[in-house]
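Inspection log for the structure reproduced underneath, given as structure tokens.
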Amino acid sequence: MAFKDGFLWGGACAANQFEGAWNIDGKGISVADLCTNGTKSNPKRITTKIEDNTFYPSHEAIDFYHHYKEDIALFAQMGFKVFRTSINWTRIYPTGMEEEPNEKGLKFYEDVFKECKKYGIEPLVTLSHYEMPYALVEKYNGWASVEVILLFEKYCYTVFDRYKDLVKYWLTFNEINGGITKLGTVLSLGCVKDYNGPVVEADCSPQTRFEALHHQLVASAKVVAYAHKNYPQFKMGNMNVFLTSYPRTCDPLDVLENQRHNRVLNWFCSDVQVRGEYPSYMNRFFKENDVNLKISEMDKVILKEGTVDFYTCSYYMSSCITTHDDVETVEGNLAGGVKNPYLEVSAWGWQIDPDGLRYSLNEIYDRYQIPIMVVENGLGAYDKRSDDGKIHDTYRIDYLRSHIEAMENAVEDGVDLIGYTPWGCIDLVSASTGEMAKRHGFIYVNKFDDGTGDYSRERKDSFNWYKKVIASNGKEK
Ligand code: BG6
């Protein structure tokens, strides 16, 4: 048996992509609430104010806020051992700057976590998943300002205290290294004061980007250290988007370029979060990109004291890196890359590469030797109803099966893998395009991109398939 007893099978969602109820019970406006919908060819925008007659998909999303009991009951039917969700910072501190938390927001998550516990489902909670209060963008240009660290700490300590008996597993920042990509400028760093336009085109200088990331890394370490000191029962994790890349050719220059790319994109943030210090290879990168970080002695101590207990990542696809011209490019999660002739692509142009997951898990474990969870993985696809009225999502089952086989192999290779939470276990709004049509779920939600739909839920074929996978601890797939 590859997967160990007690392996944490489950699913993952994020507050801003499925809760809806964007202005209910005292919730403030987050960055996501100002993002419009879009498509692959018509990019979603961020606006500085809520515009009349513009559709903002997070406002209703799939209304988990009012359907959480039904949804968690369905997760329980599949046999989930763990459910990854996030807390919307703006439900707890609507602008991020209040002195006192919003009780109704706190109560909502308490009810959600209690509902999970009722079925023996362990909540795995992301503290920040693309949900920064927009008021902090307006006042501070998001994470570009050091002041945001204290505000984030206040929010984290509030929720740690409130949920200390309900939540054991915590992740600090979703896909923290996503802040290195252009899309992360809006979603993760919030460095978009006064910016109104396509999310993919928002940008900031390398100086601002790496300063903002430094603030997140320090904030992450501070809350991890605080949790270790005050709540020794907690297990604190990082969360990285793992954007596996291969040299496109065996030209040594391609190999070197791929190494450089990987260090900055895939390893830098987790090296800090797992090892507790900036890796030396970043010095050259900073020099070549005119980045001057003020890392104080105190910051160094904080980073060292706030290292994580387990490593987590999302994994969807891979791409290639080359120094040669004349190559085809492909899309990807947060960042695309060069096409790999050996791989198929999804309808959104993401290259499907289960072996890349095995390879990546081995690389990660070789580097850190701490437990690993894959907390996002899955296939965004157009689901169509068949003549019998059902959704037969065999393509999704095939994708997930191949990735579970890859994880099984990685475990046999020696990786200490402790859990798997496929993304969007119930259909939700896409982070990159703002679409509902890009569905990942085992559970179909009757909600569409024109805002119509009655929010009813139904099981896809993958629902029963995943139920069997969990019941057999990964043997039957
Ligand atoms: C990850 C994010 O990058 O990928 C999720 O953490 C996101 O928030 C997921 O939803 C899938 O991407 P998309 O763009 O299909 O929603």
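Only residues that are over 20 Å from MET236 (Cα atoms) and in a helix (DSSP H, G or I): list them for the range 92-111, please. Listed by number, the residues that qualify are ILE92, GLU103, LYS104, GLY105, LEU106, LYS107, PHE108, ASP111. Screening the candidates VAL338, VAL291, VAL301, VAL327 for the property of being in contact with a Ser or Thr (Cβ under 6 Å, 6 or more places away or on another chain) and over 24 Å from MET407 (Cα atoms) yields one hit, VAL338. When SER318 is tested against the conditions (1) open to solvent by 30 Å² or more (accessible area, probe 1.4 Å); (2) within 16 Å of the ligand (Cβ to nearest atom); (3) polar (S, T, N, Q), the lone failure is (1). The set of residues in the range 131-145 being within 16 Å of the ligand (Cβ to nearest atom) and among the acidic types (Asp, Glu) consists of GLU131 alone.
Looking at MET78, MET1, just one residue is of a type outside the set (Phe, Trp, Tyr), at pLDDT below 95 and under 30 Å from LEU417 (Cβ atoms), and that residue is MET1. Within the range 391-409, is there a residue that is within 16 Å of the ligand (Cβ to nearest atom), of a type in the set (Phe, Trp, Tyr) and in contact with a helix residue (DSSP H, G or I) (Cβ under 7 Å, 6 or more places away or on another chain)? No; the residues of the range 391-409 include none that is within 16 Å of the ligand (Cβ to nearest atom), of a type in the set (Phe, Trp, Tyr) and in contact with a helix residue (DSSP H, G or I) (Cβ under 7 Å, 6 or more places away or on another chain).
In the range 321-366, the residue that is most open to solvent (accessible area, probe 1.4 Å) out of those that are in contact (Cβ under 8 Å) with a residue 12 or more places away in the chain and of a type in the set (Ser, Thr, Tyr) is TYR359.
Those residues that are within 16 Å of the ligand (Cβ to nearest atom) and touching a Lys or Arg at 6+ places or on another chain (Cβ under 9 Å), I need them from the range 98-130; list them, please. The answer is LEU124, VAL125, THR126. Is there a residue being polar (S, T, N, Q) and more than 26 Å from LEU334 (Cα to Cα) anywhere in the range 92-99? Looking through the range 92-99, at least one residue is polar (S, T, N, Q) and more than 26 Å from LEU334 (Cα to Cα). The residue that is farthest from VAL429 (Cα to Cα), among those in the range 112-142 that are among the aromatic types (Phe, Trp, Tyr) and assigned to a helix (DSSP H, G or I), is TYR140.
Here is a yes/no grid of residues against (1) within 29 Å of GLY178 (Cβ to Cβ); (2) surrounded by fewer than 24 Cβ atoms within 10 Å (Cβ to Cβ); (3) not charged (D, E, K, R):
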residue: GLY414; (1), (2), (3): yes, yes, yes
residue: VAL429; (1), (2), (3): yes, no, yes
residue: SER432; (1), (2), (3): yes, yes, yes
residue: PHE448; (1), (2), (3): yes, yes, yes
residue: LYS467; (1), (2), (3): no, yes, no
residue: ASN473; (1), (2), (3): no, yes, yes
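The residues of the range 151-192 that are within 14 Å of the ligand (Cβ to nearest atom), of a type in the set (Val, Ile, Thr) and within 23 Å of TYR420 (Cα to Cα), listed by number, are THR172, ILE176.
Counting the residues of the range 432-441 that are in contact with a strand residue (DSSP E or B) (Cβ under 9 Å, 6 or more places away or on another chain) and within 9 Å of the ligand (Cβ to nearest atom) gives 3.
The values are calculated or read from the model by the stated rules, or taken from the named source; none is laboratory data. In this text the structure is predicted, and so the values were computed from the model without any measurement. With ideal geometry, Cβ positions are generated from the backbone for all residues, glycine too; neighbour counts draw on all protein chains shown. Only protein heavy atoms, including side chains, enter the accessible area calculation; ligands, DNA and RNA are left aside. Shrake-Rupley method; radii C 1.70, N 1.55, O 1.52, S 1.80 Å.
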